[in-house]
Amino acid sequence: MAGQVAAVSRNETYSFSKPNRDSVTLLTGLGVEGDVHAGETIRHQFRMTYEPDLPNLRQVHLMHEELFDELALKGFVVAAGQLGENITTRHVDLLGLPTGALLHLGEQAVLEVTGLRNPCAKINDFRKGLLGEVFEMDPVSGEFTFKSGVMAVVRHGGTVRPDDPIQVELPPLPHHSLERV
C-alpha cells in the first residue's frame with residue numbers, strides 16, 4: 001500500500017504540541033516555513049544552549065499514525081501534531097528506513113531522513129506514563145528502540161497537504177540503521 005500524509009502541523013512558538021494545518025510549506029535546507037524548529041543550525045531549545053552552530057538535522061519531525069493506534073490500545077489517546085511532529089504519515093515504515101532515505105511528498109517536496117527522534121521527558125507532561133510507551137528496550141541486546149518518529153532535512157521544498165502521496169526512495173547499499181539525532 002502506498003504511503004500517505006495523514007496530517008501536517010507547525011507552530012511558531014516553542015510548545016510541545018503543534019496545531020494541524022491545511023498545508024505546510026517546506027523550505028530547502030531550512031524546514032517547515034513558520035515553524036520554530038526551522039533553520040540551518042540547531043533549533044531544539046535545549047541543544048541550542050550547548051551546540052548552537054551545529055547543522056540542523058531535525059528540520060522536520062515525522063511520526064507514523066500507526067503509533068497512535070498502538071498507544072490507544074494501551075489507554076493513551078493521541079492525535080496528529082500532539083507529540084510535536086510536523087508531518088504525520090500512514091502506511092510508511094518510518095522506523096524501518098535507513099539513514100539517507102528520501103521521502104517524496106506531494107508534487108515537489110523531498111525530505112532526507114537523518115535519524116530517530118529522541119523522545120524527551122516532556123512526553124510525560126503531556127500524558128503521564130507515555131514516555132515509557134514510545135521506546136522499548138530489547139531484552140537481549142539491551143538496546144533501546146525509539147518509536148516516536150524520525151527526523152529529516154528538506155532537500156527540495158514544496159507544499160505538503162493531508163492525503164498527499166509519499167514515495168520512499170532508498171539510498172544505495174549498504175544501508176545504515178537510524179540513530180538518534
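For region 18-38, the set of residues classified as surrounded by 17 or more Cβ atoms within 10 Å (Cβ to Cβ) and outside any strand (DSSP E or B) consists of 18, 30, 35, 36, 37, 38, listed by residue number. Restricting attention to region 124-153, the residues being closer than 18 Å to residue 3 by Cβ and in contact with an Asp or Glu (Cβ under 8 Å, 6 or more places away or on another chain) number 3. For region 136-154, a residue qualifies if it is modelled with pLDDT of 90 or more and of a type in the set (Ser, Thr, Tyr), and exactly one does: 148. The test for being free of Cβ contacts under 8 Å to residues at least 12 places away in the same chain and either closer than 19 Å to residue 5 by Cβ or assigned to a loop (DSSP other than H, G, I, E, B) (or both) holds for residue 51. Within the set 13, 41, the sole residue that is open to solvent by less than 60 Å² (accessible area, probe 1.4 Å), free of Cβ contacts under 8 Å to residues at least 24 places away in the same chain and among the hydroxyl-bearing types (Ser, Thr, Tyr) turns out to be 41. Residue 149 falls short on exactly one of the conditions (1) on the phi < 0 side of the Ramachandran plot; (2) under 14 Å from the mean Cα position of the chain (by Cα), and that condition is (1). Of the residues examined, residue 10 is one that is closer than 24 Å to residue 106 by Cβ and either in contact with a Gly (Cβ under 6 Å, 6 or more places away or on another chain) or at pLDDT below 95 (or both).
Please note which strands (runs of 3 or more DSSP E) are completely contained in region 58-128 and include at least 2 residues that are of a type in the set (A, V, I, L, M, F, W, C), in contact (Cβ under 8 Å) with a residue 24 or more places away in the chain and buried (at least 19 other Cβ atoms within 10 Å of the Cβ).
Working: elements: 60-64, 87-90, 102-105, 109-116.
Output list reads 60-64, 102-105, 109-116.
Only a single criterion out of (1) surrounded by 13 or more Cβ atoms within 10 Å (Cβ to Cβ); (2) under 17 Å from the mean Cα position of the chain (by Cα) is not satisfied by residue 175, namely (2).
The values are calculated or read from the model by the stated rules, or taken from the named source; none is laboratory data. Please read these numbers as outputs of a predicted model, since none were measured by experiment. Note that we place each Cβ from the backbone using ideal geometry, even for glycine, and neighbour counts take in every protein chain shown. Surface accessibility is based on the protein's heavy atoms, side chains included, excluding ligands, DNA and RNA. Shrake-Rupley method; radii C 1.70, N 1.55, O 1.52, S 1.80 Å.
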